[in-house]
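Only one structure is covered here, and it is reproduced in the block below.
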Amino acid sequence: MTDTPRVLSIAGSDPSGGAGIQADLKSIAAMGGYGMAAITALTVQNTLGVQAVHVPPAAFLRQQLDAISDDITIDAVKIGMLGNAEVIDAVRSWLEKVRPAVVVLDPVMVATSGDRLLQEPAETAMRALLPLADLITPNLAELAILAGEPQARDWAEALEQGKRLAAATGATVLVKGGHLDGDTCPDALVNAGGLLSRPVVEVTGDRIATRNSHGTGCSLSSAMATAQARLGDWEASLLLVKPWLAGALRASGQLGVGGGNGPVHHFHHVQQPPAAGEFAALLQRTAAPYLEAIYGLEFIRDLTAGSLAEEQFAYYLAQDAIYLNGYSRVLARASALAPTEAAQLFWARSAQQCLDVESELHRNWLSTRTVEHVLGPVTKSYVDHLLAAPASGSYGVAVAALLPCFWLYAEAGKALHARFLAAGAPAEHPYAEWLRTYADEDFAQATRDAIALVDDAGRKASGDERAAMVQAFKHSSRFEVEFFDAPRLHA
């Protein structure tokens with residue numbers, strides 16, 4: 001992972017600037033990378049269509065690739081239009097020699113019009129190239145060709161084709177729903193090798209009503225290559241890239257380029273920050289699978305039912321008491337970094353509340369029992385992560401790392417308390433006091449305030465800082481799940 005990844009686009013040229021290497025270089029820059037290009041084909045085209053294509057000799061492409069890799073470290077490669085079997089073979093042999101860390105393959109085989117862009121020998125060569133890719137980003141027509149099946153008629157069928165292609169190639173497949181009917185536009189990462197947190201990672205989104213979608217596939221694949229080189233996580237990369245691309249589609253009409261299918265606005269985010277609530281909505285989507293995982297934990301199920309073994313709850317509270325001590329220190333650090341007096345006061349009050357009020361339950365319950373107060377491995381990892389978050393001096397990263405302890409606790413606490421009430425709030429429930437604490441309205445309001453402050457920090461952050469905030473939030477969310485599961489593993 002690197003702050004400014006060096007990303008090579010191997011693709012055709014679009015003189016109108018909307019697709020091909022021109023779109024790739026804009027996407028790479030928009031995602032914070034340094035873009036390079038090896039040209040596989042020259043096209044005569046504009047927003048109305050393609051009039052002619054010239055494919056230079058494959059040997060010349062190989063010279064371009066060797067010249068770049070002999071001198072420059074390449075952090076990621078995006079592969080687009082390749083044109084013929086000789087060009088594909090040249091790219092494959094170069095990849096086998098150089099072995100870049102990240103390879104994203106957009107298998108340009110079928111035009112939006114439905115016309116086939118590769119002849120049969122080239123399709124065979126393309127199939128041999130697939131296992132060298134880390135991520136494959138076909139449209140639905142290309143996915144069907146690579147799977148050797150008719151084109152998917154719905155999203156479920158597309159996901160099944162993606163699973164089969166992932167299993168056959170060993171790569172992660174990005175299944176795209178842009179060509180399906182409906183108001184939503186889902187995308188999903190599919191992998192059969194355990195590289196993702198689950199076999200299918202789906203990210204939904206609204207369909208953007210615009211005719212300016214020229215170069216969308218090129219832009220998505222090159223942005224994913226750049227984000228992956230920066231973040232090292234396909235899920236985090238998609239969560240960063242998808243809202244950016246949606247914004248590029250929404251803002252495409254501002255460009256006024258051409259009389260046909262115009263380009264997307266790659267730098268829409270430079271001109272204006274995310275709208276209020278937009279960054280918080282991104283974090284909410286990021287948190288959703290972790291909340292789902294929390295609700296499915298044996299510890300949570302037994303805690304809600306009141307059947308949790310006392311030693312497990314004692315271990316949990318003992319670890320939480322240790323954790324809150326470290327958490328309060330990071331809250332105090334966030335207060336020191338906060339840009340406004342209101343934010344300073346909120347984080348400072350939260351630090352005091354954490355020590356004076358939240359810890360009282362732990363002290364009262366644990367004081368009557370013999371419990372070993374030894375720092376557990378999950379607690380240590382979580383606290384170390386929190387303490388490291390503000391080390392760069394970034395207020396945004398610090399508060400993004402802190403937020404899951406507010407947000408996931410509040411959501412989980414509200415859900416668990418509702419189940420407790422639905423069961424008649426039995427007076428004999430051994431953990432009723434804990435369930436009431438995290439359903440408290442003051443804590444719910446503090447959570448809403450924390451979300452608003454983090455959303456505001458995200459709006460004012462640079463693109464790089466926002467990406468770091470998403471990563472910090474995601475890691476804390478993962479630790480929340482592990483923290484709840486730790487008592488079961490300890491037992």
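Spot the failing condition for ARG285; the list is (1) over 21 Å from GLN471 (Cβ atoms); (2) assigned to a helix (DSSP H, G or I), and only one is missed. Status for ARG285: all satisfied but (1).
Residues in segment 259-278 that are touching a Leu at 6+ places or on another chain (Cβ under 7 Å) and open to solvent by 30 Å² or more (accessible area, probe 1.4 Å): 1 in all.
Yes/no per residue for (1) surrounded by 15 or more Cβ atoms within 10 Å (Cβ to Cβ); (2) modelled with pLDDT of 90 or more; (3) within 20 Å of MET469 (Cα to Cα):
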{"residue": "LEU402", "(1), (2), (3)": "yes, yes, yes"}
{"residue": "TYR409", "(1), (2), (3)": "yes, no, yes"}
{"residue": "GLY413", "(1), (2), (3)": "yes, no, no"}
{"residue": "ALA423", "(1), (2), (3)": "no, no, no"}
{"residue": "PRO426", "(1), (2), (3)": "no, no, no"}
{"residue": "GLU433", "(1), (2), (3)": "no, no, no"}
{"residue": "ALA439", "(1), (2), (3)": "yes, no, no"}
{"residue": "ASP442", "(1), (2), (3)": "no, no, no"}
{"residue": "ASP449", "(1), (2), (3)": "yes, yes, yes"}
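Of THR40, THR4, all but one fail to be polar (S, T, N, Q) and out of contact with any helix residue (DSSP H, G or I) (no Cβ under 6 Å at 6 or more places or on another chain); the exception is THR4. Within the set ALA229, ALA223, the sole residue that is crowded, with 24+ Cβ neighbours inside 10 Å and closer than 16 Å to GLU465 by Cα turns out to be ALA229.
Does segment 171-180 contain at least one residue that is part of a helix (DSSP H, G or I), open to solvent by less than 50 Å² (accessible area, probe 1.4 Å) and modelled with pLDDT of 90 or more? Checked against the condition, which is being part of a helix (DSSP H, G or I), open to solvent by less than 50 Å² (accessible area, probe 1.4 Å) and modelled with pLDDT of 90 or more, segment 171-180 yields no hits at all.
Does VAL44 meet the test of being among the β-branched types (Val, Ile, Thr) and either free of Cβ contacts under 8 Å to residues at least 40 places away in the same chain or open to solvent by 20 Å² or more (accessible area, probe 1.4 Å) (or both)? Spelling it out, VAL44 is indeed among the β-branched types (Val, Ile, Thr) and either free of Cβ contacts under 8 Å to residues at least 40 places away in the same chain or open to solvent by 20 Å² or more (accessible area, probe 1.4 Å) (or both).
On the given criteria, is LEU65 part of a helix (DSSP H, G or I), in contact with a strand residue (DSSP E or B) (Cβ under 9 Å, 6 or more places away or on another chain) and open to solvent by less than 20 Å² (accessible area, probe 1.4 Å)? The answer is yes for LEU65. Taking (1) in contact with a helix residue (DSSP H, G or I) (Cβ under 7 Å, 6 or more places away or on another chain); (2) modelled with pLDDT under 85 in turn, SER462 satisfies each apart from (1).
Could you tell me whether ARG250 is closer than 27 Å to LEU402 by Cα and open to solvent by 30 Å² or more (accessible area, probe 1.4 Å)? No.
Against the numbered list (1) in a loop (DSSP other than H, G, I, E, B); (2) open to solvent by 40 Å² or more (accessible area, probe 1.4 Å); (3) in contact (Cβ under 8 Å) with a residue 24 or more places away in the chain, ALA167 comes up short only at (1).
Taken over segment 299-340, the residue count meeting the criterion of being among the charged types (D, E, K, R) and over 29 Å from the mean Cα position of the chain (by Cα) is 3.
Modelled with pLDDT under 90 and of a type in the set (A, V, I, L, M): does that describe VAL108? Answer is yes for this residue. When segment 184-195 is filtered for residues that are open to solvent by 20 Å² or more (accessible area, probe 1.4 Å) and either touching a strand residue (DSSP E or B) at 6+ places or on another chain (Cβ under 7 Å) or part of a strand (DSSP E or B) (or both), the ones remaining, listed by number, are THR184, CYS185, LEU195. Selection over segment 15-40 of residues that are open to solvent by 20 Å² or more (accessible area, probe 1.4 Å) and polar (S, T, N, Q) gives a count of 2. Candidates in segment 126-149 are the residues that are surrounded by fewer than 19 Cβ atoms within 10 Å (Cβ to Cβ) and out of contact with any strand residue (DSSP E or B) (no Cβ under 9 Å at 6 or more places or on another chain); of these, the one that is nearest to ALA223 (Cα to Cα) is PRO131. Which of the numbered conditions does THR286 fail, given that it passes all the others? Conditions: (1) hydroxyl-bearing (Ser, Thr, Tyr); (2) under 19 Å from the mean Cα position of the chain (by Cα); (3) over 30 Å from ASP24 (Cα atoms). Looking at each condition in turn, THR286 falls short on (3).
The values are calculated or read from the model by the stated rules, or taken from the named source; none is laboratory data. Keep in mind the model is a prediction, meaning the values are calculated, not measured. Every residue, glycine among them, receives a Cβ derived from its backbone with ideal geometry; neighbour counts consider all protein chains shown. For the accessible areas, the whole protein counts, side chains as well, though only heavy atoms, and no ligand, DNA or RNA atoms are used. Shrake-Rupley method; radii C 1.70, N 1.55, O 1.52, S 1.80 Å.
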